[in-house]
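Please read the structure below before turning to the comments.
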Amino acid sequence: MVLAIAAAAGAVTLVVELSAVRLLAPWFGASTRVWTNVIAAILAALSLGYLLGARWSTSAAPMRFVALVLGAGGCLAAWLPGLSPVVAGWFIPQGVRLEQAASLATFGSLACALILFAPPAICLGAVSPLAGEQLARVLGLSSGQASGRVLCVSTLGSLVGSFLATHAMVPMLGLTRTFLWCGASLWLLALAALWSSRGYVSPAGWPSVASKVVSGLFAVLALGAGLVSRWRAPQPQAPNIVLEELQSAYQFVRVVEDHSIEPAWRLVQVNEGLDSFQSVWSPTPGLLGQGLYYDYFALPAWLETRPGRWRVLVLGLGGGTAFGVLSNASPENVELDLWGVELDPAMVEVGQRWMELDKYTRSGQVLAGEDARSALRRLPLDFDLIVLDAYAHQVEIPAHLMTKEFLDELESHLRPGGWCLVNAGGFGADDPVVRAVRATLCAAFEQDSVALRVPRSRNWIVGARRNTPWPDPMRADGDVARALLGPLHAPGSVVRGGPSSCGAGDVLTDDKSDMELRQMASLAAAQARDV
Amino acid sequence: MFERSAMLERCALMDRCALINRFALGALVLGAGVLAPAIAQDAQTQVRLAFDVGDWEQAFRLAEALPAPDERADWVSYLAGQAGDLPMELEVCVRGLNDDPCHPRLLARAANAALALGRGSVALDLAARLQRCAAEPSVDEALRQDLLTRGRKTEEAAGKLVATQALAAKALKRSRNVCAGGLALLLVGLLRLSPRAAKR
């Protein structure tokens, strides 16, 4: 019984820890900083719980304390879905822009983690020493033997909990039910611990009246949690409406219909969203218009003016916006053969349901659920254009997808003269992220890289060609090319640099990549400019 | 180039050249005085024509070469706005407003750009300026109403931006305090429960 309790407590600890970030993600995102904060708060609380358990383990009936901490932990866990929107709302006001939210995400997520997740973690941490003591007393084991066994089953429980949370509970049950399930499990364990400790009464007679009061209070709290504790992501402001919300294996995904434009557009937002989105769908075919970088993916076909088949690969396909733009805005004499890779299968499903993704591609050419780097190795070697539009945590290009080594691999999948375009979020040509993308492309392709400012946005499109210099990016015929290139005549909108001028200090490698720090520096600089 | 130097050589040989030169200079100054507004208008028309036919490069070049600072700011900021370069649009407008503080188009454009960029305090400042300029006696009634309406709208939108920024600053302070307090509590708990403290 004791070992079963320790194992179950270990499992629930990991379920709570891994699902905790999901509770906060719609407000603070799920960046490495947020993960670090949540893990740090839970680890600090667990260590306090261990000491608390050690203190109580000297009592006459440790199992009664096990019942107490499990009951308390169960109540607290069950209330997390209902409390987290309220607490998160205190630390991040509505309407904040992405660049303003950077420091709020760092401190806000830590504050939330301390308020929300530290208390149940303290309770769960107290279980192990109490269980160890109980085991030692019942079986007459040494403290080392008892604690070794408890730690073993508790860690194995954590192992099961980590798989359960990521692969089963959150995607299948959703967040509210996952936490209610955790609360209910802890409650059942508390009852079991109470049952197993019958007959033990402390010298002070502790369990009699007080235990009834505490049990009654916990029962009310648990019942209340079951009835009213519901998690709800912040809703978009009118006139936008939510078409679909889901928890994927990776993130919170939401499809929003934007009625401030008529006919209405559809946006796919993930996690904190703020004023950003991952994919967009317009009912009107053609270019999407200023502010949307996807339009510039159509540019290479206009610059090269080569008719016939163009095999295009989009890494980080999302809901398939790039496919829509390429299909609707490429020259008429170009026949597209579109391929895509997307890590989160839910994004592809959402694209199929709401963004006509199936219309643009043949079956088997969208690799859903695969990482771009590993998927690339299995793909053809003759792409005419590869678009890298992969983002992690809303704002960061995943570090392993912006290194010289990966871009070397990517280049080998292009035909000679083939094009590579990277969507880089940044606030100017000198932005640390844009600089790194330019330098890394230069180093990998050993060619000029060209950075194009995307009008009315915080994006730059950075490109290079395999074994071929870029043509003058401002010279292309056709209405679409003119519409795309015209606005880039504003000074500083096109930055071109050869391998010698791209800045060796900015080249990112598998061994050394500071992409996350650059992203933070970029957002901090933008925020400082606004102030 | 060759023809001009040949003419200068010939002039040096002839005494009358000095007289001719003075006459030519006078005519040029007089002509420029009479024709300047027409030429300026013509230059602006050329900018518009270039922009209308989609020749952005030419439009930018001509706009930046406009001789009058207010016209230059007006056109360059317009083109920057059309090109979606909002920071440049705002910067050019603000520079232009230093020369002509009540230029209505520069004021309106600067206010829109500041709002779109989320620069609340700049937009609030521009809203106040729009309303101050509406009170100028030289402003006609239609323009006054336009400036007042724009000023009010900008003030409202900028007020919301500034309020959100203030809320964000408060939330940041709150979260820092909670972090410090929470971590201190955990530390105190650890110290109180540590074996050494328990022994005491």
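The values are calculated or read from the model by the stated rules, or taken from the named source; none is laboratory data. As the structure is a computational prediction, the values presented were derived from the model and not from experiment. Reconstructed Cβ throughout: ideal geometry from the backbone, glycine too, with neighbour counts over all protein chains shown. Surface accessibility is based on the protein's heavy atoms, side chains included, excluding ligands, DNA and RNA. Shrake-Rupley method; radii C 1.70, N 1.55, O 1.52, S 1.80 Å.
So here's what we get for this one:
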| quantity | calculated |
| --- | --- |
| Selection status of B:VAL178, within 14 Å of chain A (Cβ to nearest Cβ), without any contact (Cβ under 8 Å) to a residue 12 or more places away in the chain and of a type in the set (Val, Ile, Thr) | yes |
| Some residue of region A:428-440 being under 21 Å from A:ALA375 (Cα atoms), of a type outside the set (Val, Ile, Thr) and under 27 Å from the mean Cα position of the chain (by Cα) | no |
| Any hit, region A:28-39, residues being farther than 19 Å from A:SER162 by Cβ, away from chain B (no Cβ under 14 Å) and open to solvent by less than 30 Å² (accessible area, probe 1.4 Å) | yes |
| A:ARG55 vs. criteria charged (D, E, K, R), without any contact (Cβ under 8 Å) to a residue 60 or more places away in the chain and open to solvent by 30 Å² or more (accessible area, probe 1.4 Å) | yes |
| Residue match in region A:447-459 (condition: on the phi < 0 side of the Ramachandran plot, basic (Lys, Arg) and touching a Leu at 6+ places or on another chain (Cβ under 9 Å)) | yes |
| Any pair with Cβ under 7 angstrom, 6 or more apart, that starts in region B:181-194 at a residue that is at the interface with another protein chain (Cβ under 8 Å from one of its Cβ atoms) and ends at one that is open to solvent by 80 Å² or more (accessible area, probe 1.4 Å) | B:LEU193/A:ARG55 |
| Count - residues of region A:450-477 that are modelled with pLDDT under 90, surrounded by 16 or more Cβ atoms within 10 Å (Cβ to Cβ) and more than 11 Å from chain B (Cβ to nearest Cβ) | 3 |
| Region B:153-169, residues that are open to solvent by 30 Å² or more (accessible area, probe 1.4 Å) and at the interface with chain A (Cβ under 8 Å from one of its Cβ atoms) | B:LYS160, B:GLN165, B:LEU167 |
| Selected residue (only one of B:VAL178, B:VAL139 is open to solvent by less than 80 Å² (accessible area, probe 1.4 Å) and either basic (Lys, Arg) or under 30 Å from A:GLY108 (Cβ atoms) (or both)) | B:VAL178 |
| Check on A:CYS420, open to solvent by less than 10 Å² (accessible area, probe 1.4 Å) and out of contact with any Leu (no Cβ under 8 Å at 6 or more places or on another chain) | no |
| In region B:75-117, the residues that are open to solvent by less than 10 Å² (accessible area, probe 1.4 Å), out of contact with any Ser or Thr (no Cβ under 9 Å at 6 or more places or on another chain) and of a type outside the set (A, V, I, L, M, F, W, C) | B:SER77, B:GLY81 |
| Top-ranked residue in region A:75-99 [being small (Gly, Ala, Ser) and touching a Cys at 6+ places or on another chain (Cβ under 6 Å); ranked as farthest from the other protein chains (Cβ to nearest Cβ)] | A:ALA77 |
| Residues (over 12 Å from B:CYS102 (Cβ atoms) and basic (Lys, Arg)) located in region B:137-154 | B:ARG150, B:ARG152, B:LYS153 |
| Qualifying position, being modelled with pLDDT of 90 or more and within 14 Å of chain A (Cβ to nearest Cβ), among B:LEU172, B:LEU130 | B:LEU172 |
| Hey, A:GLU446 closer than 28 Å to A:LEU287 by Cα, surrounded by fewer than 23 Cβ atoms within 10 Å (Cβ to Cβ) and among the charged types (D, E, K, R) or not | no |
| Flag for A:PRO85 being buried (at least 24 other Cβ atoms within 10 Å of the Cβ) and in contact with a Phe, Trp or Tyr (Cβ under 7 Å, 6 or more places away or on another chain) | no |
| Residue under evaluation B:GLU57, criteria (1) modelled with pLDDT under 90; (2) closer than 28 Å to A:VAL480 by Cα; (3) surrounded by 21 or more Cβ atoms within 10 Å (Cβ to Cβ), criterion not met | (3) |
| From the options A:ALA44, A:ALA72, residue that is within 13 Å of chain B (Cβ to nearest Cβ), part of a helix (DSSP H, G or I) and surrounded by fewer than 24 Cβ atoms within 10 Å (Cβ to Cβ) | A:ALA44 |
| Count - residues of region A:100-122 that are within 18 Å of the chain's Cα centre (by Cα), facing chain B (nearest Cβ under 7 Å), buried (at least 24 other Cβ atoms within 10 Å of the Cβ) and small (Gly, Ala, Ser) | 1 |
| Region B:65-90 residues that are more than 11 Å from chain A (Cβ to nearest Cβ) and part of a loop (DSSP other than H, G, I, E, B), paired with ones that are open to solvent by 60 Å² or more (accessible area, probe 1.4 Å) and not polar (S, T, N, Q) (beta carbon under 7 Å, 6 or more apart) | B:LEU66/B:ARG72 |
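Residues are listed down the side, and each one gets a yes or a no for (1) closer than 23 Å to A:TRP281 by Cβ; (2) without any contact (Cβ under 8 Å) to a residue 12 or more places away in the chain; (3) surrounded by fewer than 22 Cβ atoms within 10 Å (Cβ to Cβ):
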position: A:ASN328; (1), (2), (3): yes, no, yes
position: A:ASP344; (1), (2), (3): yes, no, yes
position: A:MET355; (1), (2), (3): yes, no, no
position: A:ASP358; (1), (2), (3): yes, yes, yes
position: A:GLN365; (1), (2), (3): yes, no, yes
position: A:ALA372; (1), (2), (3): yes, no, no
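Let's see how each residue does on (1) part of a loop (DSSP other than H, G, I, E, B); (2) of a type in the set (Gly, Ala, Ser); (3) open to solvent by 30 Å² or more (accessible area, probe 1.4 Å):
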{"residue": "A:VAL280", "(1), (2), (3)": "no, no, no"}
{"residue": "A:PRO283", "(1), (2), (3)": "yes, no, yes"}
{"residue": "A:ALA301", "(1), (2), (3)": "no, yes, no"}
{"residue": "A:TRP310", "(1), (2), (3)": "no, no, no"}
{"residue": "A:GLY319", "(1), (2), (3)": "yes, yes, no"}
{"residue": "A:GLY324", "(1), (2), (3)": "no, yes, no"}
{"residue": "A:GLU332", "(1), (2), (3)": "yes, no, yes"}
